[in-house]
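What follows is a short report on a single structure.
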Amino acid sequence: MNYFPLKEETYQIIGACMEVHNTLGAGFLEVIYKDALELEFLKAGIPFEREKEYIVNYKGTILPHHFIADFVVFDQIILEVKGVKSIAEEHIAQTLNYLKVSGNEIALLVNFGEIKLNYKRLIL
């Protein structure tokens, strides 16, 4: 059996993303999708924090620049929103780094820039 933590919560987030993509389609800036997602989360009663800031600790020193997650949903899932032609390896690496910094275990990398919604579920 595959390890699938926060399965129901993940499905709820993907469902909200699908609703946004089905309504808006591809081609908007990321911020438009984030605004629409915020409305969908509110409507569905899904708890979230938008643009949550995390410090980055490098060998015991807090770096001056911080990581800002697009969304933290259900207080446990990083949601990284993209509006690009396709998800690239660097997007996956970036999202995995966000998981390391946040201390969370699960992330969703969602790309609204393709004709069909594309997402990756990442587990640290």
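The values are calculated or read from the model by the stated rules, or taken from the named source; none is laboratory data. The model shown is predicted, which means the values in this text are computed figures rather than measured ones. Positions of Cβ are generated from backbone atoms using ideal geometry, with glycine treated the same way; all protein chains shown enter the neighbour counts.
Here are the numbers for this structure:
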| quantity | calculated |
| --- | --- |
| Criterion (more than 25 Å from GLU114 (Cβ to Cβ) and not in a strand (DSSP E or B)) met by exactly one of LEU42, LEU37 | LEU42 |
| Hey, PHE71 buried (at least 18 other Cβ atoms within 10 Å of the Cβ) and at negative phi or not | yes |
| Residue check, VAL101 farther than 19 Å from LYS116 by Cα, in contact (Cβ under 8 Å) with a residue 24 or more places away in the chain and either over 13 Å from the mean Cα position of the chain (by Cα) or not in a strand (DSSP E or B) (or both) | yes |
| Residue satisfying all of: in the range 53-78; aromatic (Phe, Trp, Tyr) and modelled with pLDDT under 95; nearest to LEU6 (Cα to Cα) among these | TYR54 |
| Unmet criterion (only one of (1) under 11 Å from the mean Cα position of the chain (by Cα); (2) surrounded by 15 or more Cβ atoms within 10 Å (Cβ to Cβ); (3) more than 20 Å from ILE123 (Cα to Cα)) for ILE14 | (3) |
| Hits in the range 42-68 - residues which are loosely packed, with under 11 Cβ neighbours inside 10 Å, under 20 Å from LEU124 (Cα atoms) and either of a type in the set (S, T, N, Q) or in contact with a strand residue (DSSP E or B) (Cβ under 7 Å, 6 or more places away or on another chain) (or both) | GLU53, ASN57 |
| Residue count for the range 17-31, restricted to those that are over 13 Å from the mean Cα position of the chain (by Cα), surrounded by 12 or more Cβ atoms within 10 Å (Cβ to Cβ) and in contact (Cβ under 8 Å) with a residue 40 or more places away in the chain | 6 |
